Amino acid sequence: MATTLNSAVAENVGVFGWNYNRANFKFDQGLRWQRYTTGRKMACAQVGLFRQDITDLAGVSMAKLKVYGPIYGIVITVCVTVYVEGRSGLKFPGPPVFISQIYLQCLGIGMCYMALATWLLFHASMRAQIACVQLRTRLIRMPVPTQRQLDGSRKILSTWEEQGLYGMFRVPFAMPPGAESPDISDEEDMSPSKATGYANGGIPGVAAKVKAKVAEKHKSGATSHNARMPGLTAGTPAWYQKELEDRDTLPESSPTGYGMDGEPTPYKHFELLRAAQREWWGCEAYMRVCFLFGMMHLVMAFSYWITLHNIAELGMIWCSNLGAAGLTAGVWIIFRLDVLPEHGGCFPWEIGGPFVTSIALGLMYSHTVTPTMMNIARVVAAIIILMHVFLTFRLYSVASPTFNKAHHQARESGGRLFNQSGSCEAPSWLPAAFQHVMYLVAPPKTAEQLAKERMDRNNDSLGDDALAKVDMTPWYYVRTMTIAVLLGWFVQLGGHATECVMGERMLVSNPGMPPWSRTGQWFGWEHGPISSKHYAHVTPQRGHWAWQKGWGPQGQQELWASDVFGFHPEADAWWAEKEGLAPLVGAAGYGKNTWNEGVIAYGQNEPKWGTSHLETHDFESSGGHRRLSDASLVAPRPVVPLPVRWPAALEPDILACGPDAASGGIAAVTAGGAGAVVPNMGIGEVVAFSLEGLLEHGMASSVTWGPSGFLVVTGTGRVAACPTTSVAGSHACAALEAPPLPGFAMDGSKAPPTAAFHVAATVEGEGGLWAAMAHGSRVALRRALGESAEWQHVASVEVPLDGAEVLSVAATDARLLVTTSDGGAYHWDLRQGVPARDEPTIDVPASGPGRTWQSACLLPNGKIVRLASAWPRAAPELLV
């Protein structure tokens, strides 16, 4: 009976245990699948956050392309436009060289810095975008489970058959679980000290205390590890323990893809992006440095231009001072905003160049200028260039890497001056002066990484971190650019010193050529207000917003109102006349306009014009000539000394230029007849010669070099001919069969400046022997009619001496040249010995201190050669 009862109880208990454990197994397998799919969903969401992290961090650099790129393009376009349209000296006389060269150099520096910033910006933005694409498409991918992983995570009911007998028939509360429970986390700690409420009192409280005691005994080794108490010892079914073991064996098949633990820290995508930032952070940082330097020089260039335009072209001194002060303040402000005060941005006094320039130009363009004022202005100009030298040193200093300790609290712009804390990075290599405007954001670091950085004073713990090591090639480019800028300012300083000594534009002048060829090209063009911004080609006319045919250097032209009228209403009123013949056409509204009659001769090598070039326009009765003829208005032109090595003891007094390029160059002759020929503008050996037979007629007063030899006017007024076949050697001279020139004393004590020359006979006039003689300011042209007859007066011209006196006269059949004691040269074109016009072409040299002028002659190409002596140098000089 007892056996049967025991068998029935065992059967019922076994059936109960089987059903209970099988039901638990089925329930746990459903939870297993839900746990896997939920874990994978969370893992995919986490990777999505990681991908967004990459986009956000790289997007900081990529966004700068959209912010800075258009600005860089606009600024470079402005630089090119100002280079083309902002040139000075096209409409007015050119300003002093120093202001133009500083203005143009600042403009060029600004453009170069902006171009370099553009290229660095392109590289940084594109490199950041490529890194973002590479990480998102190749490494940071969604952990989508494979079919094998899905199959491995699910369990079919037949797996129940793989369980052990203990697990199949275990009776709950009577038999302990067959496997150990997994380690719990801190959040799952249910020790009595942390239990509260119902769990801490009554039977549950007692059970909790017993469990804690058992766990303590297990931990201390007082009981066997396998000893378990039903209801009091933690444990799990065997199938759950096997699931945990599978996660450790195949972590990639676990719900998170990383086994029992989550993704290890520091996160992989942060470290990969941190390594990639080394490639573009240098470009991103120094792009911003170049942006500041470029904008500073651009605004300074515009400030210099405003200064020279207001003073040199508009004559507005106060407007110039205000414009220079305002723009200088603007440059100072942007420098102050971008450069921290303690790192060189406190008071950049070197930026005040435009305001100092306004002072220098004010001295140069003052109403009553003196040599002392000009010298002071030149010294001030040198100081301005030195200010740019010091500014370049400052820019180099603030742009240099500081190599301080890297940290994550870079300053940010804002507040009263600058915030003392921020979330941007301050790498060790970054120029500390710009830390608040770089906006560099690195991936976050773990607490362990940050603690390690705090303990490190030399950035050794950073290793290859972008906070410590980046590609410094951008700094090398900026450094090279800044050094080139510094060398450019030194070149400007040396050039300014050279021009202070030799004269402005001397190295590019065209000595002897017309003023418009280089120096003084617009000098004396207009009188009074100017009515056309294109007055290089047109002449102001009567009326306001009218349209009519205009007159310019090329004759009659059709000019639109926008080209002529309305540019300056005061100028239109200036040239409007109330009296005159109707209709009032032509310049200033006087009578019939005859400017277009005949053909204007522009060539400098046209000795024979012919009747088609005769001028019939009466300037005096039609408003006067548009160009002024006053000698005081002619701009002095720098002269260049020729490298001549004179023969020993030769001190020439007279110059004679060869009749053509093949004749040999320039003859320098003494009053006694000794001379030398300087070939090819001083390049080559000097050839000595002598003129014999002159002394019986007196000392030589002037010498003319013609195709057949020399014509000499002696001190007694006789004209002697010295035929030559070659220049070298001695040449016999004999007096011509012509009467002595009037005004000469027979003993040679009185010899007015005179030149003799031959004129070839033509159908239009008689040739023969001619002479040009100076009497005060009047130069008379005479022709010899025969041996016994007098010299016939043919024509005369007036020389505007302006306090000087005539020094020498030189003449050929095509040109007449008169040189005065101040070095001024006045020359006329001759037609058959007669001047083609009354007004001379004037050439005034910049003499320099201690120089005495002696003689001059005209080369066939129109250049004027002067003979001078300069104390204390004993040797004579030839200057072109």
Go through region 1-60 and report how many residues are hydroxyl-bearing (Ser, Thr, Tyr), farther than 29 Å from Gly257 by Cα and surrounded by 11 or more Cβ atoms within 10 Å (Cβ to Cβ). 1
State whether the residues of region 817-825 include one that is out of contact with any helix residue (DSSP H, G or I) (no Cβ under 9 Å at 6 or more places or on another chain), open to solvent by 40 Å² or more (accessible area, probe 1.4 Å), of a type outside the set (Asp, Glu) and in a strand (DSSP E or B). no
Condition first: of a type in the set (Phe, Trp, Tyr), part of a helix (DSSP H, G or I) and open to solvent by 20 Å² or more (accessible area, probe 1.4 Å). Now tell me which residues in region 255-286 satisfy that. Phe270
Could you tell me whether Leu121 is open to solvent by 10 Å² or more (accessible area, probe 1.4 Å) and either in a helix (DSSP H, G or I) or more than 30 Å from Glu350 (Cβ to Cβ) (or both)? no
Given Ala329, Ala285, which one is over 18 Å from the mean Cα position of the chain (by Cα) and more than 30 Å from Phe122 (Cα to Cα)? Ala329
Any strands (runs of 3 or more DSSP E) falling wholly within region 681-747 and containing at least 3 residues that are more than 30 Å from Val639 (Cα to Cα): 719-723, 729-732
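Go through region 653-668 and count every residue that is part of a loop (DSSP other than H, G, I, E, B) and either modelled with pLDDT of 90 or more or open to solvent by less than 10 Å² (accessible area, probe 1.4 Å) (or both). Break it down stepwise before answering.
Keep residues of region 653-668 that are part of a loop (DSSP other than H, G, I, E, B), which gives 653, 658-665.
Going one step further and asking which of them are either modelled with pLDDT of 90 or more or open to solvent by less than 10 Å² (accessible area, probe 1.4 Å) (or both), we end up with 658.
Selection size over region 653-668: 1.
Kindly evaluate Gln854 against the criterion of being on the phi > 0 side of the Ramachandran plot, touching a strand residue (DSSP E or B) at 6+ places or on another chain (Cβ under 7 Å) and not small (Gly, Ala, Ser). Before the answer, list the steps.
On the way: on the phi > 0 side of the Ramachandran plot: no; touching a strand residue (DSSP E or B) at 6+ places or on another chain (Cβ under 7 Å): yes; not small (Gly, Ala, Ser): yes.
Answer is no for this residue.
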Please find, among Ala312, Ala275, Ala324, the residue that is modelled with pLDDT under 80 and not acidic (Asp, Glu). Ala312
If you check Met300 against the conditions, is it in contact with a Pro (Cβ under 8 Å, 6 or more places away or on another chain), aliphatic (A, V, I, L, M) and within 17 Å of Ile359 (Cα to Cα)? yes
Being touching an Asp or Glu at 6+ places or on another chain (Cβ under 9 Å), part of a helix (DSSP H, G or I) and open to solvent by 70 Å² or more (accessible area, probe 1.4 Å) is the filter here; which residues of region 379-414 pass it? Phe390, Phe393
Name the one entry in His367, His436 that is more than 25 Å from the chain's Cα centre (by Cα) and open to solvent by less than 30 Å² (accessible area, probe 1.4 Å). His436
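Output the number of residues of region 669-680 satisfying the condition of being outside any strand (DSSP E or B) and either open to solvent by less than 30 Å² (accessible area, probe 1.4 Å) or at pLDDT below 85 (or both). Walk me through how you get there before you give the answer.
Of the residues in region 669-680, the ones outside any strand (DSSP E or B) are 670-673, 679-680.
This time we only want the ones that are either open to solvent by less than 30 Å² (accessible area, probe 1.4 Å) or at pLDDT below 85 (or both), so: 670-671, 673, 679-680.
Within region 669-680, residues that are outside any strand (DSSP E or B) and either open to solvent by less than 30 Å² (accessible area, probe 1.4 Å) or at pLDDT below 85 (or both) number 5.
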Looking at Ala115, is it open to solvent by 30 Å² or more (accessible area, probe 1.4 Å) and part of a helix (DSSP H, G or I)? yes
Single unsatisfied condition, Asn861 versus (1) more than 21 Å from Leu781 (Cα to Cα); (2) touching a Ser or Thr at 6+ places or on another chain (Cβ under 8 Å): (2)
Residues that are loosely packed, with under 15 Cβ neighbours inside 10 Å and either over 30 Å from Met438 (Cα atoms) or modelled with pLDDT under 85 (or both): does region 61-72 have at least one? no
Please work out which residue is farthest from Glu271 (Cα to Cα), limiting yourself to region 136-168 and to residues that are loosely packed, with under 12 Cβ neighbours inside 10 Å and among the hydroxyl-bearing types (Ser, Thr, Tyr). Ser158
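Using the structure shown, decide if Thr77 is modelled with pLDDT of 80 or more, open to solvent by 20 Å² or more (accessible area, probe 1.4 Å) and in contact with a Lys or Arg (Cβ under 8 Å, 6 or more places away or on another chain).
On the way: modelled with pLDDT of 80 or more: yes; open to solvent by 20 Å² or more (accessible area, probe 1.4 Å): yes; in contact with a Lys or Arg (Cβ under 8 Å, 6 or more places away or on another chain): no.
No, not satisfied.
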How many of the residues in region 812-840 are within 17 Å of Ser777 (Cβ to Cβ) and of a type in the set (Gly, Ala, Ser)? 4
Among the residues of region 251-264, is there at least one that is more than 26 Å from Leu31 (Cβ to Cβ) and at pLDDT 65 or above? yes
For region 684-727, give me each residue that is at positive phi, surrounded by 16 or more Cβ atoms within 10 Å (Cβ to Cβ) and under 59 Å from the mean Cα position of the chain (by Cα). Gly709
Pair list, Cβ < 8 Å and 6+ apart or interchain, from region 391-410 residues that are within 27 Å of Pro354 (Cβ to Cβ) to residues that are of a type in the set (Gly, Ala, Ser) and open to solvent by 10 Å² or more (accessible area, probe 1.4 Å): Arg394/Gly344; Ser397/Gly344; Val398/Gly344
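The values are calculated or read from the model by the stated rules, or taken from the named source; none is laboratory data. Just so it is clear, the model here is predicted, and its values are computed rather than measured. Note: ideal-geometry Cβ built from the backbone for every residue, glycine included; neighbour counts use all protein chains shown. Surface areas here come from the heavy atoms of the whole protein model, side chains and all, with no ligands, DNA or RNA. Shrake-Rupley method; radii C 1.70, N 1.55, O 1.52, S 1.80 Å.
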